[in-house]
C-alpha cells in the first residue's frame, strides 16, 4: 500500500507537516472564477505554506485545474485575489507575471512537450531561455534532470517515440529544470502504471525536499496523495461554484465525518454529490411512461 | 420577421468583421512592439525563412513557369493581331512583375505555407504548448509568432521575385524558342519598357504588403483557433479564404494607388 511506503513516510517525516509558522507561498483570498456564465469557483480562501506538499482534491470538473491555472496566471480571477510569493498576481502586467512564473514550474496533465524537439531539447528549453549557461553546463544539467525522472536513456527520443507516462516524466524534468520554488502538478498520477505511480509519488515528495520547494498537486488518487501530502484541500461542487469542503492533514481527513469527504475518500455512489448528471426520469426517456 | 433576421445577421457579420480587424491590428501591434526581442535571435527567423520558403518553393516555380508559358502564348496571339508581337517580352514582364508575380505567389503562399502555419500554431495551442511557454515565462508572441511573421515577410517577396523570373523564362520559351519571336526584340523591349522604380519596386512593395497580410492572417487564425480538431480545421480553411480575399482586395487598392489616377 502506498501509505506504508517506507521511503514516502520517511521523506514526509523530514518536513514539518503543518508548519504553521511558514510563510504562505500561495494565498487565495475570497476568490471566484467562471468561464462565461458558468461559475466554477465560489469565494474560496486558503493558503499554501512554504515547504509543503499540498494536494487539491475533489470530483471531476470541480475546478482543481482552474486553481492551478489561477496560480500560474494563465487565467485571472473575476473576484478576489491570488497572492503568489507574497504579492498579488497581476495577469495584466507581463513583466511582474513573468517574474513570478520564473520561480515556478507547472507539470501539465498531458505533458505539453514541444513535439518537434527531443526530450533533451525540451528539458533544455527553459534553461536556454532564461540563462546564459554554456552548452556543456546545459548538457550536464539536462542529463541530471532526466536522470531524476529515470529517462536519461531517452534523451534523444522525440515525444512521439515515448509513452504518455514517459512524456509526463520528461515534462516533470522540464518543469524542475530551473529548480523552481513552487512546483504545480496537474494530475501527475493519471494513466500511470503502478510502478510509475509509486515512483512518481516518491519523486514529487523527494524533489520537494531536495529543492526546498513547495508543491501543489491536483489529483484524484487518494492513496498516493495521502502518502506524500502534508496538507490536503478538498473541494465540493455547489450550484454557485466549487467551495472548499474540508482541509487538513491526511490523518485529520481520514478521521473526518463530513459527508462529502467520506463519500469522496470512500468512493461511494450515494452521498451529497450525485453521480448522475441531472436528467428527466429514465422511464420518460425510454417512452415507458411513469413519472 | 425574415427582414429583421436578415438585418440581425448582417449586423452580426459586420461586428465579426470589425472584431476580426481589431484582433488583426492588436496582434500585429504586439508583434511589432516585440521586434527588438524577435530580431535578437536571427537564427529563429532564419529557420522560418528556410521552412516557409522550402514549403512553397516547388509550387511557386512550377506555377510561375506555367503562368509564363500561358502568358507568352496568349500574349503572342493578341499582339499578332496588331503586328506588335515584338512587344511580347514587355507584356509578359509587366504582367508578371506588376501583378501576377506578387498576387499569385501570395495566393500560393497562403494555400501552402499559410495553412501550415495556422495548423502548427493551432495544434500547439490544442496541445497546451503555448500555455507551457507562458508558464515558463516565455512570451509566445515573441518566441513563436514573431519569427514566423518576419519569416513570411521576407519569404513572400523572394517567392514573388522567383515566380516572376521563372514566368518570364516561360514566356521566352513559348515566344522565342517555340514560336520564333525575335530574341533581341523580346529582351530589348522588356529592358526598355520596364521601369525599375515604377514597376519592379512597386511589385516588390506589393509582395511585402501581401506577405504581411497573409502571414499575419495565418498566425491570427492559428493563435485564435478553438483548441479542438474542428477548431484547427476551421482556422486552416479561414486562412486560405480570408488570406486570398485580402490579397485580391489589397491588390486592387495598391494598384489604384501605384499605377492608377484614382
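A short reminder: the numbers here are calculations on the coordinates, not readings from a lab. As the structure is a prediction and not an experimental result, all values here were calculated from the model. Positions of Cβ are generated from backbone atoms using ideal geometry, with glycine treated the same way; all protein chains shown enter the neighbour counts.
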Which log10 I(q)/I(0) values does region B:136-262 give at q = 0.14, 0.20, 0.22 Å⁻¹ under the Debye formula, counting every alpha carbon as one identical point scatterer?
-0.80, -1.16, -1.25
Helix B:42-81 vs. chain B, principal-axis angle (Cα, 0 to 90°, nearest 10):
40
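Share of Cα-Cα pairs in region A:237-291 beyond 16 Å, in percent?
Of all Cα-Cα pairs in region A:237-291, 58 percent lie more than 16 Å apart.
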Which angle from 0 to 90°, rounded to the nearest 10, does the C-alpha axis of helix A:119-130 make with the longest principal axis of chain A?
80
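Test of understanding: ordering B:30, B:206 by Cβ neighbours within 10 Å, fewest first, what list do you get?
If I rank by nearby Cβ atoms, fewest first, I get B:30, B:206.
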How much of the DSSP beta bridge set in the protein assembly as shown is antiparallel, as a percent to the nearest 5?
50
What's the average, rounded to a whole number, of partner chain beta-carbon atoms within 10 Å of each residue's beta-carbon in A:136-143?
0
Defining a contact as two alpha carbons under 8 Å apart and six or more residues distant in sequence, what relative contact order in percent does chain B show?
31
Could you calculate the contour length gain from residue B:245 to residue B:8, that is, 0.36 nm times the residue separation minus the distance between their Cα atoms, to one decimal place in nm?
82.9 nm
Helix B:115-126 axis, angle to chain B major axis (alpha carbon atoms, nearest 10°)
10
Show me A:93-99, A:187-193, B:163-169, A:274-280 ranked by packing, highest mean number of other Cβ atoms within 10 Å first.
B:163-169, A:187-193, A:93-99, A:274-280
If B:148, A:69 are placed from fewest to most neighbouring beta carbons inside 10 Å, the sequence is A:69, B:148
Gain in length, residue A:157 to residue A:277, computed as 0.36 nm per residue apart minus the alpha-carbon separation, to one decimal in nm?
38.9 nm
Restricting to Cα pairs below 8 Å that are 6+ residues apart, what does the relative contact order work out to for chain A? Please round to a whole percent.
24
Two-decimal log10 I(q)/I(0) for the protein assembly as shown, as the Debye equation yields it once each C-alpha is a single scatterer, q = 0.11, 0.13 Å⁻¹
-1.03, -1.26
May I ask you to give the average projected area over all directions of the convex hull of the Cα atoms of region A:84-148, in nm² rounded to one decimal?
6.0
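Tell me, in nm to one decimal, what length is gained between residue A:103 and residue A:269 on full extension, where the rule is 0.36 nm per residue of separation less the Cα-Cα distance?
Separation in residues times 0.36 nm, less the Cα-Cα distance, equals 55.7 nm.
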Relative contact order [Cα under 8 Å, 6+ residues apart], region B:139-262, whole percent:
29
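If R0 is 56 Å, what FRET efficiency do you get for residue A:128 and residue A:252 from their C-beta distance, rounded to 0.05?
0.80
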What is the antiparallel percent of DSSP beta bridges lying wholly in chain A, to the nearest 5?
50
The simple spin-label model distance between residue A:23 and residue A:45, using points 7 Å out along Cα→Cβ, in nm, is 2.2
For region B:62-118, the Cα gyration tensor yields equivalent-ellipsoid semi-axes (√(5λ), largest first, whole Å) of 30, 10, 7
What's the whole-number percent of alpha carbon pairs in chain A lying beyond 32 angstrom?
29
Beta bridges per DSSP with both ends in region A:30-189, % antiparallel, nearest 5
65
Theoretical FRET efficiency, 1/(1+(r/R0)^6), r = Cβ-Cβ of residue B:257 and residue A:143, R0 60 Å, to 0.05:
0.55
Quick calc: nm separation of the 7 Å Cα→Cβ label points for residue B:226 and residue B:33 -> 2.9
Given R₀ = 56 Å, FRET efficiency for residue A:93-residue B:78 by Cβ-Cβ distance, to 0.05?
0.30
10 Å binning of all Cα-Cα separations within region B:34-258, expressed as whole percents from 0 upward:
9, 30, 30, 18, 10, 4, 1
Taking the C-alpha atoms of region B:1-155, how large are the radius of gyration and the largest Cα-Cα span, Dmax, in Å?
22.0, 69
